[in-house]
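A.B. asks: To start, I am sharing the structure in question, which I have written as structure tokens.
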Amino acid sequence: MSSMLKNFTNWFKWSNGKCDEKMSSACEEVVRLMQLIIDDEASEEDEKKFHSHVGQCTSCFNKYEMDKSVLEEIKSKLGSKPCPQEVVNSIRQKIREISHN
Amino acid sequence: MSDGTIDEAKKVKDASFESEFMVHVNALYNFAYRLTYDEDDANDLMQDTFLKAYRFFDSYETGTNAKAWLFRILKNSFINDYRKKSKEPDKVDYHEVESYYNSDGKDVDITVDLRVDAVQGMLGDEVMIALNRLDVDFRTIIILSDLEGFKYDEMAKILDIPVGTVRSRLHRARNLLKASLKGYAGEMGY
């Protein structure tokens with residue numbers, strides 16, 4: 001009874017993405033793999049599995065595209081400032097001091 | 001060893017130090033600043049790190065991952081020297097946080113949905129503020145991964161944690177960041 005309920009819940013969760021019932025556990029695995037894929041850390045086998053699934057599943061495809069874009073956007077907005085010159089100078093000064101001993 | 005040879009060896013060392021280590025000052029300074037939020041502390045952390053790197057230069061293999069090596073030294077200096085005099089005395093103990101996130105399955109399946117057009121509408125400041133609000137461990141892993149581009153195994157070495165922990169901590173950190181940004185997005189009408 002509870003596994004039937006679980007299957008129904010999964011189907012309901014993914015139904016708006018037209019991902020059919022048989023794919024639901026595959027979707028869960030794909031979502032787990034998504035970070036690895038986006039970070040280019042997945043095995044070749046997992047990559048094949050992933051791309052084969054998102055090619056057929058609208059919901060997962062959309063989620064993948066969105067996650068990729070959001071991460072790219074965040075990365076582009078993570079600013080950084082240059083190291084102050086006085087810090088660089090102090091480092092070089094200290095190195096000079098210890099290397100002359 | 002003659003004086004000439006010693007001088008020559010020193011020249012080679014100094015040249016390597018300059019070309020392999022000093023090139024990373026900007027990245028390291030940003031990391032130091034984001035850990036301490038204090039220019040003087042960041043400065044001290046930088047001095048400390050580069051001096052250690054120079055002293056232990058012989059244990060570094062030329063041409064290998066200098067950036068990761070330096071980040072690891074800085075992170076360890078931070079934990080040893082600055083964490084103790086942290087301005088956040090009521091924060092959770094470092095080891096407690098680590099062991100919590102070492103356990104499998106915690107929060108792995110929770111994801112935050114955030115629309116890309118919402119993030120596009122944001123200024124860099126908002127993203128940085130959201131980043132700065134994260135706990136130091138989550139902030140660190142976002143910096144290492146998304147700002148500095150380290151791979152999982154590099155981060156595992158820098159942070160002295162298993163690759164599995166890198167994955168789960170990064171996943172959690174990104175969700176926290178997205179959740180924070182989602183708040184801003186809501187305010188902006190997305």
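The values are calculated or read from the model by the stated rules, or taken from the named source; none is laboratory data. Not measured: the values here are computed from a predicted model. For neighbour counting, all protein chains shown are included, and Cβ atoms are generated from backbone atoms with ideal geometry for every residue, glycine included. Just the protein is used for accessible areas: all its heavy atoms, side chains included, with ligands, DNA and RNA removed. Shrake-Rupley method; radii C 1.70, N 1.55, O 1.52, S 1.80 Å.
A.B. asks: Scan (1) assigned to a helix (DSSP H, G or I); (2) surrounded by fewer than 19 Cβ atoms within 10 Å (Cβ to Cβ) for the single condition residue B:24 breaks and write down its number.
C.D. replies: Unmet condition: (2).
A.B. asks: What pairs can you find where one residue is in the range A:74-101 and at pLDDT below 90, the other is in a loop (DSSP other than H, G, I, E, B) and loosely packed, with under 13 Cβ neighbours inside 10 Å, and their Cβ atoms are less than 8 Å apart, with a gap of 6+ or different chains?
C.D. replies: Going by the 8 Å Cβ cut-off, the qualifying pairs are A:77/B:123.
A.B. asks: Also, quick follow-up: Note down all Cβ pairs under 6 Å where the first residue falls in the range B:13-30 and is more than 10 Å from every other protein chain (Cβ to nearest Cβ), the second is among the small types (Gly, Ala, Ser) and assigned to a helix (DSSP H, G or I), and they're at least six residues apart or on different chains.
C.D. replies: Taking only residues 6 or more apart or on different chains, the pairs are B:20/B:66.
A.B. asks: Those residues that are small (Gly, Ala, Ser) and facing chain A (nearest Cβ under 10 Å), I need them from the range B:43-70; list them, please.
C.D. replies: The one that is small (Gly, Ala, Ser) and facing chain A (nearest Cβ under 10 Å): B:53.
A.B. asks: Then there's this: Does the range B:49-75 hold any residues that are assigned to a helix (DSSP H, G or I), free of Cβ contacts under 8 Å to residues at least 60 places away in the same chain and surrounded by 15 or more Cβ atoms within 10 Å (Cβ to Cβ), and which are they?
C.D. replies: Hits for the range B:49-75 are B:49, B:50, B:51, B:52, B:53, B:54, B:57, B:66, B:69, B:70, B:73, B:74.
A.B. asks: Shifting gears a bit: Answer yes or no: is there a residue in the range A:36-52 that is of a type in the set (Gly, Ala, Ser) and within 22 Å of residue B:167 (Cα to Cα). Outline the logic, then answer.
C.D. replies: Going through the range A:36-52, the residues of a type in the set (Gly, Ala, Ser) turn out to be A:42-43, A:52.
So of that shortlist, the ones also within 22 Å of residue B:167 (Cα to Cα) come out as A:42-43.
Yes - at least one qualifying residue is present in the range A:36-52.
A.B. asks: Among the candidates B:128, B:155, B:122, which residue alone is open to solvent by 10 Å² or more (accessible area, probe 1.4 Å) and not charged (D, E, K, R)?
C.D. replies: From the options B:128, B:155, B:122, the qualifying one is B:128.
A.B. asks: Identify all residues within the range B:162-174 that are more than 9 Å from chain A (Cβ to nearest Cβ) and either of a type in the set (D, E, K, R) or surrounded by 18 or more Cβ atoms within 10 Å (Cβ to Cβ) (or both); write none if there are none.
C.D. replies: B:165, B:166, B:168, B:169, B:172, B:173
Residue by residue, here is whether (1) out of contact with any Lys or Arg (no Cβ under 8 Å at 6 or more places or on another chain); (2) at positive phi; (3) at the interface with chain B (Cβ under 8 Å from one of its Cβ atoms) holds:
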site	(1), (2), (3)
A:38	no, no, no
A:44	yes, no, no
A:48	yes, no, no
A:51	yes, no, no
A:59	no, no, no
A:65	yes, no, no
A:75	yes, no, yes
